[in-house]
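Trainee: I have a structure I would like to understand better, so I am pasting it below and will then ask my questions one at a time.
No lab work stands behind these numbers, since they all come straight from the coordinates. Just so it is clear, the structure is predicted and the values come from calculations on it, not from any experiment. Ideal geometry is used to build each Cβ from the backbone, glycine not excepted, and the neighbour counts take in all protein chains shown.
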Amino acid sequence: MVPVGHNSPSQAKKSTWLEIFKSYTEIRTCRMFFLGFSAGLPLLLVLGTLGFWLREAGIERSTIGFLSWIGLIYGFKWLWSPLVDRLPIPFFTNYFGRRRAWLLFGQAMIVAGLIGMSLIDPIAQLNYLVWCALFVAFGSATQDIALDAYRIESAEVDHQGVLVAAYQTGYRLAMIWAGAGVLWIAARSQLEMSGIYEARAWQFAYLCMAMSMFVGVITVFFSPEKRLAVLHRSLGPKRWLQEFFVEPFAEFIRRYRWHAILILSLIAVYRISDVVMGIMANPFYVDMGYTKDEVATVSKIYGVLMTLIGAFIGGGLTVRFGVLRMLMVGAVLSALSNLLFAWLATRGHDLQGLIFVISADNLSSGIASAAFIAYLSSLTNVTYSATQYALFSSMMLLIPKWLAGFSGLYVDNFGYGWFFSMTALLGLPVLVLVWFVSRQGLPENNGFATAHLPSE
């Protein structure tokens, strides 16, 4: 299935460890680190951290579970990804370029939505909080579409593993800031250190998160954009839909034929263990009696260290040994780390156990994410990079996010131990699918290698 002369990463010359290390110090790699921070910041603020806030405010677990369906916006971003891929924003596109204009548009929505959330108390205005969270999620998904395309177009295929590692490092640091950082700020902002819920403390924390988005905004302003050739011509509505909406998906099907079903199935379930488990993680901490300071400290110190190690190990090993091997390793580690949470549920308030479990979970998550994003990047054709990558990253969320909506009900009926064990078992089909993909000998860069990227 690979055109003559197009080599997969497994066939290419392996990079030395010194070359891999040097690639981490390049400007484009550092740039992707800061953009990854901008991408990772909003996610927990409308999902995980929001769950901690809502649970402390006395909102029921079942309601928190259903509100996780806000994350389904990420699962449907492929619907407007062709617009981000092709449609210019008046004035901004001419001045900043296609990708940067849409990046700034998405970031502006995120900042506005977070400021809105910082003005609301969920006890009295839960509906308004949900609308603001939806606004943040839509802006975040739009930013993801443009950023994924920008990353894919920023480097050749054999450099994508390093860019992914830098992106994931920034992404994970932002998630820790949006998790541990918010908890730390909220704890420091309480008028009385009594542990009693205070809406103002959470509101100030969310305002700080809105200001933190300017890390990404400033990076976009100082980032160059490669101007890929785009043919502008007048098209009728039918032809426009065919070319910009249908063709990116049709091209992928033509390229992989019936194997596309196998690939898309793997994408749809690869992160199911982590996504379903993650919705109840923060309510779990609250119910186990962990304070905001304890969760923040553990996540900030041990979580950051393990995340950095996991991202860099995953990126380096993906370049060294290939994507599919690391996909299998990541899938195994993700499932096993969920079993550790099941063990922690039997311990009650155990700070040492929490340190161990979060460390292991972040390490495995960093490895799995680096390999998975490199795999998704290798599947895209640069002509339709935004649309195709949005399809892939949307599919990986639809089933897990839908299933995660019932997580609160499951915990209410069976308890946290059975819930975490069940999420680990959800990883078994992933192992089977990775094995099938590797047995089929599917190319890992078919399509991307056909594009000629200008040098930076």
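Trainee: Whole-Hz Karplus ³J(HN,Hα) for segment 247-257, in order, using 6.51 cos²θ - 1.76 cosθ + 1.60 and θ = phi - 60°, x for Gly and Pro?
Mentor: 4, x, 7, 5, 4, 5, 5, 4, 5, 10, 6
Trainee: Amide H to amide H, which residues 5 or more places from residue 190 or on other chains are under 5 Å from it, using H placed in the peptide plane?
Mentor: none
Trainee: What does the C-alpha gyration tensor say about the overall shape of segment 78-124? Classify as rounded when a/c is under 1.5, otherwise prolate if a/b is larger than b/c, or oblate.
Mentor: Numbers: a/c = 4.65, a/b = 2.23, b/c = 2.09.
Prolate.
Trainee: Let me ask another. Applying the Karplus parametrisation 6.51 cos²θ - 1.76 cosθ + 1.60 with θ = phi - 60° to the phi angles of segment 105-117, what ³J(HN,Hα) value in whole Hz is obtained for each residue in order, glycine and proline being reported as x?
Mentor: 4, x, 5, 5, 5, 4, 4, 5, x, 5, 4, x, 5
Trainee: For residue 420, what is the net charge nearby, where nearby means another residue's Cβ is under 15 Å from its Cβ and Lys, Arg count +1, Asp, Glu -1? Working shown, then result.
Mentor: On the way: positive: 61, 347; negative: 274, 287, 350, 361, 412.
Surrounding charge for residue 420 is -3.
Trainee: Which of the peptides 206-218, 33-45, 319-331 is most tightly packed, and how do the rest follow, judged by the mean count of other Cβ atoms within 10 Å per residue? Don't skip to the end; give the middle numbers.
Mentor: Details: 206-218: 18.8, 33-45: 25.5, 319-331: 22.5.
Taking the mean over residues of other Cβ atoms within 10 Å, the ranking is 33-45, 319-331, 206-218.
Trainee: Filter the chymotrypsin sites (Phe, Trp or Tyr not before Pro) in segment 89-181 down to the DSSP loop ones having no more than 14 other Cβ atoms within 10 Å, then list what survives.
Mentor: 91
Trainee: Let me make sure I get this right: for segment 280-364, a, b and c are the square roots of the gyration tensor eigenvalues over alpha carbons, sorted descending. Under 1.5 in a/c it's rounded, otherwise prolate if a/b > b/c, else oblate. Which is it? Walk me through the numbers before you get to the answer.
Mentor: Working: a/c = 3.36, a/b = 1.93, b/c = 1.74.
Taking the square roots of the gyration eigenvalues as a ≥ b ≥ c, segment 280-364 is prolate.
Trainee: Any idea how far apart residue 123 and residue 239 come out in nm if each label point goes 7 Å out from Cα toward Cβ?
Mentor: 6.2 nm
Trainee: Hey, another quick one. For segment 173-190, in order, what is each residue's ³J(HN,Hα) by Karplus, 6.51 cos²θ - 1.76 cosθ + 1.60 with θ = phi - 60°, in whole Hz (x at glycine and Pro)?
Mentor: 4, 5, 5, 5, 5, 6, x, 5, x, 5, 4, 5, 5, 5, 5, 5, 8, 5
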